[in-house]
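The values are calculated or read from the model by the stated rules, or taken from the named source; none is laboratory data. Note that the structure is predicted; figures quoted are calculated from it, not measured. Here the Cβ is made from the backbone with ideal geometry for all residues, glycine too, and neighbour counts use every protein chain on show.
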Amino acid sequence: MGPPFKTISDLRKFRQILKKSRDGNKPCITICAGTGCQATGASEVVEGFRQQIKDLHLEEKIEVRASGCHGFCERGPLVVIRPQMICYMNVETKDVSQIINETALEGKIIDRLLYQDPLTQEKIVQEQDIPFYKFQQRVVFGSNGEIDPTRIDDYIAIGGYQGLEKVLSEMTPEKIIEVIKKSGLRGRGGGGFPTGVKWESCRNAKGKEKFVICNADEGDPGAYMDRSLLEGNPHRIIEGILIGAYAIGSEEGYVYVRNEYPLAVSNLTRAIDQAKEYGLLGRNILGSQLNFTLKINRGGGAFVCGESTALMASLEGRVGEPRAKYIHTVEHGLWDQPSNLNNVETWANIPIIINKGVDWYTSIGTQGSKGTKIFSLVGKINNTGLVEVPMGITLRQIVYDIGGGIPGGKRFKAIQTGGPSGGCIPESLLDLPVDFDRLQEAGSMMGSGGMIVMDEDNCMVDMARYFVQFLQEESCGKCTPCREGLQQMGEVLNRICEGNGRDEDMELLHDLSQVMMDTSLCGLGLTAPNPVLSTLQYFRDEYEAHIKEKKCPAKFCKELISLSINPEKCTGCTACVRVCPVEAIAGEKKKPHQLDGDKCVKCRACYEACKFDAITIQ
């Protein structure tokens with residue numbers, strides 16, 4: 001029985017056929033083809049494998065699969081040979097022939113392509129043994145490596161749409177909502193509101209029609225969790241939305257996705273078309289009373305459109321501005337009708353909860369935060385990428401066990417969680433369990449899952465300035481507290497970083513923060529003070545040094561530092577001369593050089609290029 005499926009039985013029979021056709025012992029070369037790996041040449045590697053397999057007439061012996069993101073983005077292109085799970089990193093097209101002939105056909109290991117632990121120097125063969133993966137719990141993200149996201153058959157073969165089958169055949173909408181409530185699932189988009197409660201409110205709301213919406217407008221700097229889920233497993237998102245639509249009583253849904261995510265849009269578009277073709281979208285889905293259509297809407301790049309009411313205004317074709325929160329979108333949302341908005345990761349959790357059950361799901365996480373969370377781990381960290389961990393894991397475990405610590409033996413200083421509106425958490429709180437409530441208590445937030453690691457060279461006053469400037473540019477300007485508050489904060493922080501800070505500036509920043517938190521219209525303004533308040537709380541000494549001593553302890557703020565060359569250490573290698581953009585350094589080869597302070601723009605390029613510690617910053 002093939003598509004389109006008219007009944008649940010049709011789909012189940014087709015899944016059994018697919019499972020029988022997939023040989024688990026057949027070598028499968030899986031190449032990460034997410035955006036991160038594509039940037040380092042994954043498309044050429046995929047084409048290289050496919051062409052050589054074809055030329056060698058090995059199609060029946062070896063499968064080649066272009067999958068979604070595997071998470072370890074900085075080591076791409078990543079190649080995993082299944083079923084042994086042999087993991088190769090930084091693979092190039094020149095490696096293709098050797099991988100086919102030695103590993104896929106003979107089972108030999110190519111040492112030079114393996115991950116090498118920077119501490120022990122040990123070469124690690126299997127993906128699951130690499131520390132970056134070993135300490136994760138990849139519940140939502142793990143199946144990215146098992147499927148080609150452009151093939152619906154791959155998703156069905158690994159159990160895809162079984163959750164939809166279950167709810168349509170065994171569960172009432174009320175029962176589904178009860179299961180989601182008992183699971184403790186909280187929204188992964190930033191607010192952490194209980195998902196089941198939101199669904200119940202939307203189902204009970206009065207309206208001519210109801211809408212379900214997927215928020216994929218991921219605007220946090222350095223965050224790309226939602227993008228990678230849409231790219232790597234779009235059918236899981238569709239299945240989660242279908243289950244939600246059935247529970248809520250909706251017949252129409254939207255995915256609001258960033259226009260800057262072309263691969264995510266392409267894979268999702270194809271997935272929607274395939275679901276329609278298979279009878280999983282449309283009317284009387286699988287012979288049930290469920291009718292549902294799903295459309296894609298591309299956002300215009302406005303950060304504020306991640307806020308629910310601004311997003312819905314944008315969907316309606318209006319300017320993306322938020323409205324007062326006392327009007328709930330579950331009652332009066334899109335086109336003034338009851339609307340349920342969840343983000344990509346929240347929707348991706350739904351089929352898992354339905355399939356594995358409440359008891360299994362609630363065994364993961366903490367009392368108030370169940371399940372896992374995907375984080376984008378970036379910044380001053382050895383292992384950059386996407387990590388999925390159980391709620392309750394400590395920041396220390398994420399930074400050191402998974403992230404591999406700080407590059408160059410530098411000292412950890414802080415980690416900023418929750419995107420630009422999150423707080424900066426210091427070294428003294430590294431053992432803090434990561435969940436919604438504990439992060440908030442520490443002056444930060446879960447947010448959508450961004451984590452930016454900072455080391456001793458980061459100035460915390462400048463970091464607060466950076467995030468305030470970002471939010472100032474992204475504020476819609478509708479409400480005075482956010483619009484004017486961010487501008488004033490930015491001016492004060494600029495003044496401090498330039499060495500013109502005043503004794504009353506710290507108190508002024510605190511007062512501005514309080515007014516914004518008390519009176520701003522939407523979540524952007526309400527949480528915007530977090531970077532300022534957290535750095536004032538945990539790094540007050542840096543503010544005082546800037547204001548009272550006119551010094552930047554991190555030696556970062558340009559107006560408060562000067563660079564010079566120590567003639568006793570300078571070897572005249574000319575490395576500093578070659579990188580200086582303003583020709584501020586002069587000297588003969590193999591003789592000490594001189595730096596002209598009047599010309600120097602304090603870009604630090606010479607400092608970073610010097611291998612002999614001859615450049616000093618004061």
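Observations, loosely collected:
- Count of residues meeting criterion [in a loop (DSSP other than H, G, I, E, B) and farther than 19 Å from T346 by Cα] in the stretch 137-148: 2
- When we screen E427, E388, E345 for residues that are outside the structural domain of Y254 (by TED's automatic domain parsing) and more than 25 Å from C459 (Cβ to Cβ), the only hit is E388.
- 2 or more residues of a type in the set (K, R) and touching a residue at least 24 places away in the same chain (Cβ under 8 Å): qualifying helices (runs of 4 or more DSSP H) within the stretch 157-204: 195-204
- When every residue of the stretch 316-325 is checked against the conditions, none turns out to be outside the structural domain of Q440 (by TED's automatic domain parsing) and either touching a Pro at 6+ places or on another chain (Cβ under 7 Å) or not in a loop (DSSP other than H, G, I, E, B) (or both).
- Residue check for F556: touching a strand residue (DSSP E or B) at 6+ places or on another chain (Cβ under 8 Å) and either at pLDDT 90 or above or not assigned by TED's automatic domain parsing to the domain that holds C603 (or both): no
- The residues on offer are P4, P83, P27, P118, and the sole one that is at pLDDT below 95 and crowded, with 19+ Cβ neighbours inside 10 Å is P27.
- Listed by position, the helices (runs of 4 or more DSSP H) contained in the stretch 503-545 that have at least 1 residues being small (G, A, S) are 505-519, 523-527, 530-538.
- The stretch 1-17: number of residues that are in contact (Cβ under 8 Å) with a residue 60 or more places away in the chain, in a helix (DSSP H, G or I) and hydrophobic (A, V, I, L, M, F, W, C): 3
- When G244, G279, G253 are screened for being assigned to a helix (DSSP H, G or I), outside the structural domain of A39 (by TED's automatic domain parsing) and in contact (Cβ under 8 Å) with a residue 40 or more places away in the chain, only G244 passes.
- Checking the stretch 347-367 against the condition returns a match, with at least one residue being small (G, A, S), part of a helix (DSSP H, G or I) and either at pLDDT 95 or above or under 21 Å from the mean Cα position of the chain (by Cα) (or both).
- Of the strands (runs of 3 or more DSSP E) lying entirely inside the stretch 369-460, those containing at least 2 residues that are closer than 28 Å to F556 by Cα are 372-379, 412-417, 424-426, 450-455.
- Only one of the numbered conditions (1) without any contact (Cβ under 8 Å) to a residue 24 or more places away in the chain; (2) closer than 27 Å to W199 by Cβ; (3) of a type in the set (S, T, Y) is violated by T366, and that is (1).
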